[in-house]
1. Exactly one of these conditions fails for A:Glu136: (1) among the acidic types (Asp, Glu); (2) under 18 Å from the mean Cα position of the chain (by Cα); (3) surrounded by fewer than 20 Cβ atoms within 10 Å (Cβ to Cβ). Give me its number.
2. Would you call B:Ala285 out of contact with any Gly (no Cβ under 8 Å at 6 or more places or on another chain), assigned to a helix (DSSP H, G or I), of a type in the set (Gly, Ala, Ser) and away from every other protein chain (no Cβ under 14 Å)?
3. Among the residues of the range A:102-111 satisfying the criterion of being within 21 Å of the chain's Cα centre (by Cα) and of a type in the set (A, V, I, L, M), which is modelled with the highest pLDDT?
4. Could you list, in sequence order, the residues of the range B:136-156 that are out of contact with any helix residue (DSSP H, G or I) (no Cβ under 6 Å at 6 or more places or on another chain) and part of a helix (DSSP H, G or I)?
5. Just one of B:Leu16, B:Leu54 is touching a Phe, Trp or Tyr at 6+ places or on another chain (Cβ under 7 Å) and without any contact (Cβ under 8 Å) to a residue 24 or more places away in the chain; which is it?
6. Looking at the range A:153-168 only, could you name the residues that are more than 13 Å from chain B (Cβ to nearest Cβ) and not in a helix (DSSP H, G or I)?
7. Name the single residue that is farthest from the other protein chains (Cβ to nearest Cβ) among those in the range A:50-68 being in a strand (DSSP E or B) and not small (Gly, Ala, Ser).
Amino acid sequence: MMTERHAAALADPRPAGFAELSLHDLVFGFARNSPFLGPISWRVGPGEFWGVLGPNGAGKSTLLKLCCGLLRPVSGEVVLNGRSLHACPPRQRARYVAYLPQRLPLTHELTALEVVLLARYPFRALNFFESAADVEAATLALNRTGAAALRDRRMSTLSGGEAQRVHLAACLAQDAPLIVLDEPTASLDVRCQIDVLRVVQDRVADGSGAAVVALHDVNLALRHCTHALLLVGGKVAASGAPTDALDPERLRHVFGVGFDPVRRGDGKVTAVVVQTDEAQTCANPVQSD
Amino acid sequence: MRKPGSIRLRLAIGLLAIGALLGLSPGVGSDRAYVGWRDAWRAAFDVAPDRQHLLTKPRTDLNADGRIDDAEIARYVLNARAIGFDHRLARSLLALVVGATLASCGATFQVLFRNPLATPYTLGVASGGALGAMLALRFGLLERVAGVPLMTLCAFFGGLAVVALVFVFARGSRRLTSNELLLAGVTLGMFCSAMMLLVQFMSNERLTFALVRWMMGSLDTVTSARAVELLPFVAPAWLVLIASAPALNQYRLGDELALSRGIRVVRLQVICVVACTLATAAVVAHCGPIGFVGLVVPQLAGRVFRWDCRILLPASLLVGGGFLIVCDFLAQSAMSAAAALTERRLSGTILPIGVVTALVGVPTFLIVLARRTGRDADPDR
């Protein structure tokens, strides 16, 4: 079945780089007439590493899925490089956006290399089996996430951190300029969290792509992200430089937990610490509109 | 162990095994003393049998004069060809096609439902088909329409109708993995069983007996179809399923990840279910519900070959076909072996194929399950 769409997909095997992802008055709701998210307007430019933070249920995962075109907005538009994401054929879209869900897929019976090779699918338009170039790209991606030694191991034998590295390698192997990761650091130890975010940092550093990552750890966002978006009740509470968006006073208001800033010599905030005084910490109830 | 080279070798061995089984099949069946597989092949290539040798066989010296004349040789060659190829090989080819279809549809359903217990009958094709066949029997619809028995047509459309109903009732859930679909399938299956009991209750013994026999499945080429008649229904399904294998691999990763990799998830589900349902309905209509192949063979194929759908689906075709041929050999030989042991006249009877698939499949499967090593042990599959 060689449709027009397939022909178009074949004619454009490589994405022409990343210009910008923009959301225009995006609204999403699970039920009719009750918007869950939005309206949100947002722009992600090349070389930017966005951390998306907010309380549980604020709409972080939903926003990320909208950015990947996995959900259809009620109104508004997601535009990637000047093209509406929903007008884009799925296969072509997959060459621009790589996504890692919050819950990792169950792939126990596969080896790490096989999992990464699966991500090459959007580029194999008509080939039934992977080419040598695909294997090379997959091996390279495994090297970049420090998972080269796991190449032939079965996924069922890997630890949580190792599995996360493999799935991150799959995202890189997809060769998409925009990568969208939903809480990639959840349930990882400190070292693994930093390693994962460093890989993402390296990927976007050359300005050829961008990353949108949902996080729960404010300090990781302060440490690694170039930008931060604070989401509360489906609306943007703040966006911009991490130190501005994740201001301790604002965090206190959003999470209902007191934070103390940790400042460098020049007065710049590098980290926040949850206040230890119980009475003061939980004085404010959690805000939700 | 999991290198592509070794997979290719295994597939080649599998193909050779199927070839060997088909080569032997003209000789398997009752009355082997009269025509063995060598005799059948010799007859096929018009090689004159040895006269002295023919004398040792029963019913060859027709005029009982102690020698074999030319007319008797010609008669023997004709019979050997008819028995070996028109009957026995045709039966094995039917087993090959039916086994391959049930196994590949089973593998596809297990991937689609993300459930190793799914079978080609999960959505109710078998129960609907059985009810259709039973109603045809009860109301005496025994004519043929365009060469196809009405009972077969009733079974085919009964199966399709139940699957359609399952989708109507589970309409609220767009996704195949949802429990609504499975619940609707199981519930409608129970309804069909109850209806069959009711019809049975109101029928005489002869009809009840015929239906119970139908439920056991049969590969008889006299009363049911030949492989060639099934191919138009099942071959397109094979091709569709194998062509969908790369997409099914992505589907395994979960709906969201598959969608993000460019798979149209709902379309893939619809295409695969329609292909499997049509193919399975055709098989059930012609041969009755042959259990166990669709459940066990994909698991065996996955463990012996690989879980990658691009390998799993062709491997299931191969293993399923071979499995059913072997089971059919056993079904045909078991009674003559029992007759030889007990010195009673039992030969000529063929065990129901459904009984043999379970008798062979269950122990094989349990052994494979028990022998899972740490590396192969995976909780979800």
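The values are calculated or read from the model by the stated rules, or taken from the named source; none is laboratory data. Given the structure is predicted, the values throughout are model-derived calculations rather than measurements. Cβ coordinates were reconstructed from backbone atoms using ideal geometry, including for glycine residues, and neighbour counts include every protein chain displayed.
1. Condition not satisfied by A:Glu136: (2).
2. no
3. A:Leu104
4. B:Leu153
5. B:Leu54
6. If the condition is that a residue be more than 13 Å from chain B (Cβ to nearest Cβ) and not in a helix (DSSP H, G or I), then A:Ser159 is the only one that fits.
7. A:Leu53
Per-residue answers, yes or no, for (1) in a helix (DSSP H, G or I); (2) in contact with a Pro (Cβ under 9 Å, 6 or more places away or on another chain):
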| site | (1), (2) |
| --- | --- |
| A:Glu77 | no, no |
| A:His86 | no, yes |
| A:Arg95 | no, yes |
| A:Leu140 | yes, no |
